[in-house]
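J.: There's a structure below that I have some questions on.
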Amino acid sequence: MDIKHLVSIRVVSHRHEDLARTEQLSGKLDLPRSTAEQCATRFSLAYRNDRLELSDATLPNSALPLSVDFLAGPSYYRFLNDRRISQPLSKAVGIRKGIRPTVCDVTAGCGEDGFVLACLGCRVILVERSPIVWALLDDGLRRAAAHPQIGRLVADRITLHHSDADRFLAAADAPFDTIYLDPMYPSPKKSALNKQKMRLLRAIVGDDLDSADLFAAAKKALPSRIAVKRPLRAPPLTPARPQFSIAGKSSRFDVYLPPYLW
Ligand SMILES: C[S@@+](CC[C@H](N)C(=O)[O-])C[C@H]1O[C@@H](n2cnc3c(N)ncnc32)[C@H](O)[C@@H]1O
């Protein structure tokens, strides 16, 4: 895939030990490389304590860099404590007693929703077009795959692809049970904007202004179901009416089923 970066960014090495993998990453992502002292771009990617992190030089030093971590925080908590199949995301993708659809999440982002679905027993195919977000997610999955408790689940149920959704879906061998869409929403509420992680992600990937095309690409791939995550009060992604919607605390899932899909 051609790599186009929406922002100017570097891969930085802080320690001599990280030079080799920093070099490998800059080659893979087609990004310039520098030491921490030379770094003059607003955004930089660096390994710290075996974790790939994205930093924004305009934020105060106290601001945490962005990384993907399934071994701590909300993802790990949900892995340990919340495997309810009654939760809105689970119902939206079609999980039922004894039924675990294969889900192609073509807007993988930091993989949080995909990870929840894998914890619930689904096979999850993650697709992400931003090379930076893909690299952060790939790193999070790499570390999770080495974890004694989570490793098996990640290795057996999750695969990640760096691609645009329409290209990936057009090349897929067979239809997926469910295609899941969660594009950025252009006018976020203040609360979402205030979330530092979301702000950094938005700064890197933009507003996904082509998100209506995603639905068309998903439809063409003939899945048994399309589930779209939207902010609670946002209009649907497309003029087509969903068969039904499931509301969560701050978001809503619009579900589209055949024959109305085609
Ligand atoms: C809001 S985030 C998804 C968050 C994700 N559901 C999670 O739980 O972490 C949207 C992501 O979809 C990606 N994206 C948007 N349109 C895409 C497309 N056409 N193909 C692949 N990725 C896309 C963006 O780059 C961004 O990383």
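The values are calculated or read from the model by the stated rules, or taken from the named source; none is laboratory data. Keep in mind that what you see is a predicted model, and the values were worked out from it rather than measured. Cβ placement follows ideal geometry from the backbone for every residue including glycine, while neighbour counts extend to all protein chains displayed. Areas reflect the complete protein model, heavy atoms only, side chains present, ligands, DNA and RNA absent. Shrake-Rupley method; radii C 1.70, N 1.55, O 1.52, S 1.80 Å.
J.: If you check Asp177, Asp207, Asp213, which single one turns out to be acidic (Asp, Glu) and under 27 Å from Glu53 (Cα atoms)?
T.: Step by step, each of Asp177, Asp207, Asp213 is checked, and only Asp207 is acidic (Asp, Glu) and under 27 Å from Glu53 (Cα atoms).
J.: Scan the stretch 54-87 residue by residue and report those that are touching an Asp or Glu at 6+ places or on another chain (Cβ under 9 Å) and closer than 16 Å to Ile132 by Cβ.
T.: Within the stretch 54-87, Pro65, Leu66, Ser67, Val68 meet the criteria.
J.: Identify the residue in the stretch 187-231 that is open to solvent by 60 Å² or more (accessible area, probe 1.4 Å) and outside any helix (DSSP H, G or I) and, among all such residues, is modelled with the highest pLDDT.
T.: So, considering only residues that are open to solvent by 60 Å² or more (accessible area, probe 1.4 Å) and outside any helix (DSSP H, G or I), the one modelled with the highest pLDDT is Ser224.
J.: Among the listed residues Ala135, Ala118, identify the single one that is assigned to a helix (DSSP H, G or I), more than 23 Å from Phe253 (Cα to Cα) and either open to solvent by 10 Å² or more (accessible area, probe 1.4 Å) or within 16 Å of the ligand (Cβ to nearest atom) (or both).
T.: Just one listed residue meets the conditions, Ala135.
J.: Further, regarding this structure: Could you please let me know if Ala146 is open to solvent by less than 10 Å² (accessible area, probe 1.4 Å) and more than 19 Å from Asp177 (Cβ to Cβ)?
T.: Here the answer is no, as Ala146 does not meet what is asked.
J.: Within the stretch 165-178, how many residues are within 11 Å of the ligand (Cβ to nearest atom) and open to solvent by less than 40 Å² (accessible area, probe 1.4 Å)?
T.: 3
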